[in-house]
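Q: Here's a structure for you.
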Amino acid sequence: MPTREVRQHLLRLLREAEDGHVSGAALSRTLGMSRAAIWKQVEVLRSRGYRIEAVPSRGYRLVEEPDLLTEELLRSHLEGCGIGERVVCFDQTDSTNIQALRLVEEGAEEGTVLIADSQQAGKGRLGRAWVSPPGVNLYTSVILRPDIPPWQAPQLTFVAAVALVRAIEQVCGLSARVKWPNDVLVDGAKVAGVLSELLADMDRVRAVILGIGLNVNMTREQLPETLRYPATSLALASGRASWSRLRLACALYRQIDELYRVYLDRGFEPVRLAWEASCDLVGRQVQVASGDDLLAGRCAGIDLDGALLLSGGGATKRVLAGDVRPVD
Ligand code: BTN
């Protein structure tokens with residue numbers, strides 16, 4: 001077995017150890033290697049930031065894993081997950097969505113994910129910039145290649161938004177909510193956004209790129225100043241100094257994987273229901289600023305193509321883009 005795979009296997013055994021410890025003898029038996037060879041691989045892992053304790057007569061214990069967004073770490077936490085089959089990491093890039101478009105043109109497969117420590121030209125919705133400083137947040141793009149017609153592609157934005165809500169709840173225990181079309185809020189302030197981009201022929205999707213930005217450990221000073229909506233980070237919203245970006249990224253990819261499979265099996269309906277259940281505006285009076293128009297009505301959920309449904313005066317209006325806020 002190549003040494004890289006040996007280390008992955010070793011890490012898996014340490015992570016799964018029932019009382020935390022695995023004896024050198026047990027590792028040696030399972031991996032078919034001498035105890036000295038195992039010690040050597042433990043040393044390699046230590047040099048990469050893993051804290052592994054060696055207790056005489058009990059064995060090895062994994063005390064802490066490094067919180068780095070590297071291909072090796074991400075891959076080792078994403079075994080069996082279709083999203084993250086291939087991981088491309090950048091210290092710095094223009095935009096993971098731009099790089100994803102490039103990879104799609106080169107034939108990158110479904111499940112390829114790109115992740116950057118910082119972006120110099122991070123793109124937000126409606127041509128806005130996405131503030132992307134290093135060391136604090138998640139900036140990632142996921143490549144999907146569903147066999148669907150182009151009009152259905154916006155449905156996948158909702159897969160990403162629901163997956164974000166679930167990952168935030170799972171890792172941080174915070175209650176997150178969605179806001180149409182693609183925002184995720186904690187305590188009413190925006191913590192994440194999704195920018196989906198589509199490559200399609202007339203009748204078939206070639207690829208959908210889910211670009212996801214999640215403010216994880218940004219400080220108040222680092223938050224973008226905007227009058228449109230209040231913004232926050234998971235650290236600020238929880239009062240904790242920091243959250244593991246690695247854990248959040250892996251939880252996010254696993255949640256996308258799970259919901260995307262449901263979507264492929266059963267269509268948009270379960271995703272739509274999950275999204276509406278996470279949305280505080282459904283059933284309430286709202287106002288939508290859409291271009292120069294200001295529309296008002298009762299939010300009746302989302303349509304099959306992701307349009308916002310506004311009801312009022314016996315009719316239902318469909319809104320394709322805009323910023324929505326409650327008025328009741
Ligand atoms: C929004 O405006 O709410 C959407 C923001 C999406 C930002 C992410 S960060 C990773 C990916 N790369 C980009 O350039 N944009 C998306």
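Q: Select, from Leu210, Leu199, Leu195, Leu214, the only residue that is in contact with a Lys or Arg (Cβ under 6 Å, 6 or more places away or on another chain), buried (at least 22 other Cβ atoms within 10 Å of the Cβ) and not small (Gly, Ala, Ser). Walk me through it before giving the result.
A: On the way: Leu210 fails: in contact with a Lys or Arg (Cβ under 6 Å, 6 or more places away or on another chain); Leu199 fails: buried (at least 22 other Cβ atoms within 10 Å of the Cβ); Leu214 fails: in contact with a Lys or Arg (Cβ under 6 Å, 6 or more places away or on another chain).
Answer to the selection: Leu195.
Q: Before we move on, is Leu138 open to solvent by less than 20 Å² (accessible area, probe 1.4 Å), within 10 Å of the ligand (Cβ to nearest atom), at negative phi and of a type outside the set (Asp, Glu)? Before you say what the answer is, go through the steps one by one.
A: On the way: open to solvent by less than 20 Å² (accessible area, probe 1.4 Å): yes; within 10 Å of the ligand (Cβ to nearest atom): yes; at negative phi: yes; of a type outside the set (Asp, Glu): yes.
Against the criterion (open to solvent by less than 20 Å² (accessible area, probe 1.4 Å), within 10 Å of the ligand (Cβ to nearest atom), at negative phi and of a type outside the set (Asp, Glu)), Leu138 qualifies.
Q: Within segment 141-170, count every residue that is away from the ligand (no atom under 15 Å from the Cβ), open to solvent by 20 Å² or more (accessible area, probe 1.4 Å) and in contact (Cβ under 8 Å) with a residue 24 or more places away in the chain.
A: 8
Q: Any residue at all in segment 105-128 that is away from the ligand (no atom under 13 Å from the Cβ), at pLDDT below 95, open to solvent by 60 Å² or more (accessible area, probe 1.4 Å) and of a type outside the set (Asp, Glu)?
A: We begin by selecting, within segment 105-128, every residue away from the ligand (no atom under 13 Å from the Cβ); these are 105-112.
Among the residues that remain, those that are also at pLDDT below 95 are: none.
Checked segment 105-128: no residue is away from the ligand (no atom under 13 Å from the Cβ), at pLDDT below 95, open to solvent by 60 Å² or more (accessible area, probe 1.4 Å) and of a type outside the set (Asp, Glu).
Q: Right, another one. Look through segment 74-104, keep the residues that are more than 16 Å from the ligand (Cβ to nearest atom) and among the charged types (D, E, K, R), and return whichever of them is surrounded by the fewest Cβ atoms within 10 Å (Cβ to Cβ). Even if it seems obvious, please write down each step before you answer.
A: Residues of segment 74-104 more than 16 Å from the ligand (Cβ to nearest atom): 75-82, 85-86.
Checking the rest, the ones that are also among the charged types (D, E, K, R) come to 75, 79, 85-86.
Numbers: Arg75: 16, Glu79: 9, Glu85: 16, Arg86: 15.
Per the stated criteria, the residue is Glu79.
The values are calculated or read from the model by the stated rules, or taken from the named source; none is laboratory data. No experiment lies behind these values; they were computed from the predicted model shown. In this analysis, Cβ positions are derived from the backbone assuming ideal geometry, glycine residues included, and neighbour counts consider all displayed protein chains. Just so you know, the surface numbers come from the protein's heavy atoms only, side chains and all, with ligands and any DNA or RNA stripped out. Shrake-Rupley method; radii C 1.70, N 1.55, O 1.52, S 1.80 Å.
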